[in-house]
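Colleague: Here you go, one structure.
The values are calculated or read from the model by the stated rules, or taken from the named source; none is laboratory data. Every value quoted in this text rests on a predicted model; they were computed, and no experiment measured them. Don't worry about glycine lacking a Cβ; one is built from the backbone with ideal geometry, like all the others, and counts go over all protein chains shown. Just so you know, the surface numbers come from the protein's heavy atoms only, side chains and all, with ligands and any DNA or RNA stripped out. Shrake-Rupley method; radii C 1.70, N 1.55, O 1.52, S 1.80 Å.
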Amino acid sequence: MVKMTNKKAALHNLGCKVNSYEIEAAAQLLKSRGYELVPFEPGADIYIINTCSVTNIADRKSRQMLHKAKAMNPDSLVIAMGCYAQVSGDDLEKDDAVDIIIGNNRKKELVEIIDEYESKKLKRKYIDDLTHESDYEYLSISEPGEHIRGFMKVQDGCNQFCSYCIIPYARGRIRSRSIEESVNEAKRLASSGCSEVVLSGIHLSSYGKDLDEDITLLDLIKKIHDIDEIRRIRLGSLEPGIITREFAASVSKLPKVCPHFHLSLQSGCDKTLKAMNRKYTSEEYGEKCGILREFYDDPSITTDVITGFPGETEEDFEKSYEFVKSIDFFETHIFPYSVRKGTKAASMKDQNTEAVKKRRASRLIELNKIRHLEHLNKLIKKEAEVLIEEQQEIEGKIYWVGHTPKYEKIAVDVSDNLKNKYITVIADKILTDSCILGHIKQ
């Protein structure tokens, strides 16, 4: 018999799209057992924080949110879940603000773990060793929650072991969701009114490599493409290696796949890429972008770049800067290098100062602003299909806001409720450095 409750639960998420998916799945688990989901404010009986550990800042934010939860209600049950809980569980056991610690691959047991705590009132840690092969954790969602776009987690874990990254230790080895279960969830989302799905994973490009069948990410994309109610498929972060002529030729023939590709770069300097244990050179990365531009008319290519990696000299940074400039990205996410205890890079010589990391990051941030505006300006006076997602206040005024297939953000000034509707918009002008103002085509 399923145990029901009338307690109030508040959830807070930190980190990536995979974490966002998992906290939504946790919310739906709780809701199915009778928990009332309430805002992350004083008054909840249970606070669940899905933590992140990708940087030292993420670690600190995770601790802050756990302490904030206990402060809001000292008698509440506070649960640390996710990546920071996985890699720092021993530290959290000593933290009086935390009652339960749940690592990755145990989140599906959330309700049962809460039941066990309430019967015994004993602080416990639920963390598996993910350094060896393990099964995919089958969390699922049936509706997109607060989002219009449906984030779908189809892969977990990473085998790359980049020298700066803690994630293989936090998430374990690669694990793929079965193609049948992935397609079934896409159908459930479509039935709930969700017409755009975002395929997400810790290392999405490795999807299928651990499955017995000869399955690839492309096979999954094609299966979801066959679902009539799905109008858009957006891909999460990809490794450059997956971009072959065959892959680009195939996805370019699937009209529902958005021409928006996030290819992780990290550095445009070959010496730094080698030290990072990345599996490509800058020349090879550039060739991958060229392949995408061969099969797509001006696709949106976005990326991540780390500045101030150990041993990165001014000359190395200039090479990276010039390479980023040459690729002409739609958007670049820049991160000053963060030392992660337990990674190879943490013990490397020639660590750069925080000032150096931030100065280099600032230069790339300015370049990103310029290039992003240049790309947005290309859309002015042209029309584009926009999926309206929400209302937003921009510079003191309320607009309906959504994105094009290329992930250009567009706002329209209308009073009608346009949420979850596709509209054809003509772009009029730049509203902010990240948003275009347009009007609905009559």
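Colleague: Just for the stretch 380-431: of the residues that are among the acidic types (D, E) and in contact with a Ser or Thr (Cβ under 8 Å, 6 or more places away or on another chain), which one is modelled with the lowest pLDDT?
Modeller: The residue in question is E395.
Colleague: Right, here's the next one. Only one of these is assigned to a loop (DSSP other than H, G, I, E, B), touching a residue at least 60 places away in the same chain (Cβ under 8 Å) and either more than 17 Å from the chain's Cα centre (by Cα) or within 23 Å of G150 (Cα to Cα) (or both): G34, G15, G43. Name it.
Modeller: Details: G34 fails: touching a residue at least 60 places away in the same chain (Cβ under 8 Å); G43 fails: touching a residue at least 60 places away in the same chain (Cβ under 8 Å).
One residue alone meets the criteria, G15.
Colleague: Now, a different point. What number goes with the only condition from (1) surrounded by fewer than 19 Cβ atoms within 10 Å (Cβ to Cβ); (2) closer than 27 Å to K325 by Cα; (3) without any contact (Cβ under 8 Å) to a residue 60 or more places away in the chain that D226 does not pass?
Modeller: (2)
Colleague: Same structure again: Determine whether the stretch 404-413 contains at least one residue that is over 25 Å from D297 (Cα atoms), among the β-branched types (V, I, T) and touching a Gly at 6+ places or on another chain (Cβ under 7 Å).
Modeller: Yes, the conditions are met somewhere in the stretch 404-413.
Colleague: Quick one: A248 ticks every box in (1) open to solvent by 30 Å² or more (accessible area, probe 1.4 Å); (2) touching a residue at least 12 places away in the same chain (Cβ under 8 Å); (3) outside any loop (DSSP other than H, G, I, E, B) bar one, so which box is it?
Modeller: (1)
Colleague: So, in the stretch 296-313, how many residues would count as being over 20 Å from H372 (Cα atoms) and either of a type in the set (K, R) or crowded, with 17+ Cβ neighbours inside 10 Å (or both)?
Modeller: 4
Colleague: Only strands (runs of 3 or more DSSP E) wholly contained in the stretch 86-159 count here; list those with 2 or more residues that are open to solvent by 30 Å² or more (accessible area, probe 1.4 Å).
Modeller: The strands (runs of 3 or more DSSP E) meeting that bar are 124-126.
Colleague: Okay, moving on. Taking the stretch 97-132, which residues are acidic (D, E) and in contact (Cβ under 8 Å) with a residue 60 or more places away in the chain?
Modeller: Answer for the stretch 97-132, where residues must be acidic (D, E) and in contact (Cβ under 8 Å) with a residue 60 or more places away in the chain: just D115.
Colleague: Anything in the stretch 46-64 that is in a helix (DSSP H, G or I) and open to solvent by 30 Å² or more (accessible area, probe 1.4 Å)? List them, or say none.
Modeller: Within the stretch 46-64, N56, I57, R60, K61, R63, Q64 qualify.
Colleague: Another one. Mind listing just one residue for me: the one in the stretch 238-287 that is small (G, A, S) and within 22 Å of the chain's Cα centre (by Cα) and, of those, farthest from D226 (Cα to Cα)?
Modeller: The extreme case among them is S267.
Colleague: Which one is nearest to G15 (Cα to Cα) among residues in the stretch 163-202 that are open to solvent by 20 Å² or more (accessible area, probe 1.4 Å) and either in contact with an Asp or Glu (Cβ under 6 Å, 6 or more places away or on another chain) or in a loop (DSSP other than H, G, I, E, B) (or both)?
Modeller: I202
Colleague: Restricting attention to the stretch 332-347, which residues are open to solvent by 50 Å² or more (accessible area, probe 1.4 Å) and under 30 Å from C435 (Cβ atoms)?
Modeller: H333, F335, P336
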